[in-house]
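The values are calculated or read from the model by the stated rules, or taken from the named source; none is laboratory data. Since this is a predicted model, take the numbers as computed values, not measurements. Positions of Cβ are backbone-derived with ideal geometry, glycine not excepted, and every protein chain shown enters the neighbour counts.
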Amino acid sequence: MTTTPSASQPSWWQQAAVYQVYLRSFQDTDGDGIGDLEGLRRRLPYLAGLGVDTLWLSPVHPSPDVDFGYDVADYTAVHPAFGGVADLERVVTEARAAGLRVILDGVFNHTSDQHPWFQQSVSDPDGPFGDFYLWRDGDRPPNNWGSTFGGPAWRHVPERGQWVLHSFAPEQPDLNWRSPAVVEAVLDSMRFWLERGVSGFRLDVFNCYLKDPGLRDNPRRKDLIGLLGGLAYRFIGQEHVYDRDHPDLAAVLGRMRALADTHDAVLVGETLDERLTYDNAAQWVGPDRLHLAFHFRLLHSRWGARPFAEAIRSWTESLGPDGWPTWVLSNHDFPRAATRWGGRDDRARLAAFLACTLRGTPFLYQGDELGMREGRLERAEIVDPPGRRFWPFYRGRDGARTPMQWEAGPGAGFTTGTPWLPVHPDHVTRNVAAQQDDSRSLLCFWRRALAARRSCPDLLHGVQGTVETPDGELVRFRRGDTDILVNLGDAPVRLRMPRADERPVRLATHGRLDRTVEGVRLRTCEGLALGPLPA
Ligand code: TEU
């Protein structure tokens, strides 16, 4: 069992390529319009064929679905719409046989208010669950904190005559991580799944677990976004110094890490940072804390060599040379990558090239391998809580969660019933069936890129050199002895490189290459990974 990274022998989670399955929208098999575990089981060959080796399942547990599973009502059971514990165990076993590990979404900053822990906390303040949540007395909310989903972060609960903290929806009360019993209860839930063959957890907003013990007011944010945004959205108007990234978090992560390591499992933390810098995540990564953390700066970058290079540098530099980055192009919370970057398949392809050539673990969100576009929903169709609250200024996250597009027919091969979110109209042309045998498709490119990363030691664990932007829209860096060249611009870029035409191609976005004995010419959105000259 190896969990310590070393240059020669990378750990499985460093070699991994992770695919995020948003189960509700992946594959329905019983016609209720909601994806299920049986659907995932049937699609395992597709995922193995794509070349990913780890699946992260968005929450699978029972939930009233105020936040579509991110409000968990029971950590050791499975949502009836998805199946049962036995179905999940079967997925884990069959996935393993197909070379795929499964990690779960650990949503441990908060529970649903339907969770028995919360219900007992309300009804019996002196009982064993009395201090499981952050309760405070008073006529007014205990401090100025704002909910990520809008409004104040406190809700008054008349039955208990107290306020309870909710960093997200009012139906998602925050757990009190300063209670030792909470720590043990969460560790028990994790152990339950680790003993059933699960290979780790993606930890939802882990940097919010521990707050200032005195619950002090956050200071006001003084820049323009803070001042203006703060008028309608309290959360954005504050410096989040007291409601997250508390130093005491280290001890909790240490406990989780010790547990994970006894199962050769991985912990990947999701960082909340409305300033979109995310570098604060680096402090929580290390041998006695998380294996990996997310950093969404690249995802939020505008398309261009400089912003991309900046995003890559800031993450790699904050982690340091021994750190191991993650590269995320999208997920279920942000607009689809292909849409964000101008609705262009050539950009989607180049982003895939980058995700598979940067040093680190790539995360691929379901449907991005097809270049799925953001769904545009009518107001009445929006179900996401922040989307309903802030429409039309913010339309919420449903557009990134529309059903997976398997084929052209009605329901896109996702369901025979009425899908819980509308299928994107472009599914008639953009779908797995249309792309899987077309070597020019984005899907086939992802397969080639993941295969290249897996088979080329330089791409998998080669040292990454400085990320340079020498000319125009070119980003350039080395991975071991391999040169990575990425032209993000619409104009061609020429590069001098002796005997470029003799160097082996590790991965290329374009079919026919334009190179000579003197150098390379990269066309619009072309990426090229060239190995060293033969000895
Ligand atoms: O996300 C953290 C989070 O709040 C942001 O990514 C959020 O989606 C964005 O600011 C827009 O409002 C995690 C989960 O990924 C997300 O789906 C959950 O809703 C949230 O935590 C609460 O569990």
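Summary of computed values
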item: Given (1) under 24 Å from the mean Cα position of the chain (by Cα); (2) surrounded by 20 or more Cβ atoms within 10 Å (Cβ to Cβ); (3) within 16 Å of the ligand (Cβ to nearest atom), number of the condition PRO64 does not satisfy; result: (2)
item: Out of ALA380, ALA348, ALA352, sole residue that is in a helix (DSSP H, G or I) and in contact with a Gly (Cβ under 6 Å, 6 or more places away or on another chain); result: ALA348
item: Matching residues, region 260-283, being more than 11 Å from the ligand (Cβ to nearest atom) and surrounded by fewer than 20 Cβ atoms within 10 Å (Cβ to Cβ); result: ASP261, THR262, HIS263, ASP264, ARG275, THR277, ASP279, ASN280, GLN283
item: When residues of region 459-476 are limited to those that are within 25 Å of the chain's Cα centre (by Cα) and within 15 Å of GLY531 (Cα to Cα), the one surrounded by the most Cβ atoms within 10 Å (Cβ to Cβ); result: LEU459
item: Residue identified as more than 16 Å from GLU38 (Cα to Cα), in the same structural domain as TYR365 (by TED's automatic domain parsing), surrounded by 19 or more Cβ atoms within 10 Å (Cβ to Cβ) and within 16 Å of the ligand (Cβ to nearest atom) among TYR133, TYR70; result: TYR70
item: Every residue from region 386-402 that is touching a residue at least 12 places away in the same chain (Cβ under 8 Å), more than 16 Å from the chain's Cα centre (by Cα), closer than 20 Å to SER330 by Cβ and assigned to a loop (DSSP other than H, G, I, E, B); result: ARG395, GLY396, THR402
item: Single residue of region 143-160 satisfying the filter (within 29 Å of the chain's Cα centre (by Cα) and more than 22 Å from PRO213 (Cβ to Cβ)) that is nearest to the ligand (Cβ to nearest atom); result: PHE149
item: Count - residues of region 296-317 that are under 19 Å from VAL268 (Cβ atoms) and either at pLDDT below 95 or over 19 Å from the mean Cα position of the chain (by Cα) (or both); result: 0
item: Among (1) touching a residue at least 12 places away in the same chain (Cβ under 8 Å); (2) on the phi < 0 side of the Ramachandran plot - the single one GLN9 does not satisfy; result: (1)
item: Some residue of region 340-347 being surrounded by fewer than 17 Cβ atoms within 10 Å (Cβ to Cβ) and modelled with pLDDT under 95; result: no
item: In region 514-528, residue farthest from PHE445 (Cα to Cα) [restricted to those that are buried (at least 17 other Cβ atoms within 10 Å of the Cβ) and not basic (Lys, Arg)]; result: VAL520
item: Among the residues listed as VAL505, VAL520, VAL463, the single one being among the aliphatic types (A, V, I, L, M), in contact (Cβ under 8 Å) with a residue 12 or more places away in the chain and in contact with a helix residue (DSSP H, G or I) (Cβ under 7 Å, 6 or more places away or on another chain); result: VAL520
item: Verdict on GLU374 being surrounded by 17 or more Cβ atoms within 10 Å (Cβ to Cβ) and either among the charged types (D, E, K, R) or over 30 Å from LEU528 (Cβ atoms) (or both); result: yes
item: Residue in region 443-455 that is surrounded by fewer than 16 Cβ atoms within 10 Å (Cβ to Cβ), of a type outside the set (A, V, I, L, M, F, W, C), without any contact (Cβ under 8 Å) to a residue 40 or more places away in the chain and over 26 Å from ASP53 (Cβ atoms) present; result: no
item: For GLN114: the one exception among (1) among the polar types (S, T, N, Q); (2) under 23 Å from PRO213 (Cα atoms); (3) within 16 Å of the ligand (Cβ to nearest atom); result: (2)
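For (1) surrounded by 19 or more Cβ atoms within 10 Å (Cβ to Cβ); (2) more than 16 Å from the ligand (Cβ to nearest atom); (3) assigned to a helix (DSSP H, G or I), each residue gets a yes or a no:
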| site | (1), (2), (3) |
| --- | --- |
| GLU184 | no, yes, yes |
| LEU187 | no, yes, yes |
| PHE235 | yes, no, yes |
| TYR242 | yes, yes, no |
| HIS246 | yes, yes, no |
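One line per residue, one yes/no per condition, for (1) farther than 30 Å from ARG221 by Cα; (2) touching a residue at least 40 places away in the same chain (Cβ under 8 Å); (3) not in a helix (DSSP H, G or I):
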residue: GLN120; (1), (2), (3): yes, no, no
residue: GLY130; (1), (2), (3): yes, no, yes
residue: GLY138; (1), (2), (3): no, no, yes
residue: ASN144; (1), (2), (3): no, yes, yes
residue: GLY150; (1), (2), (3): no, yes, yes
residue: VAL164; (1), (2), (3): no, no, yes
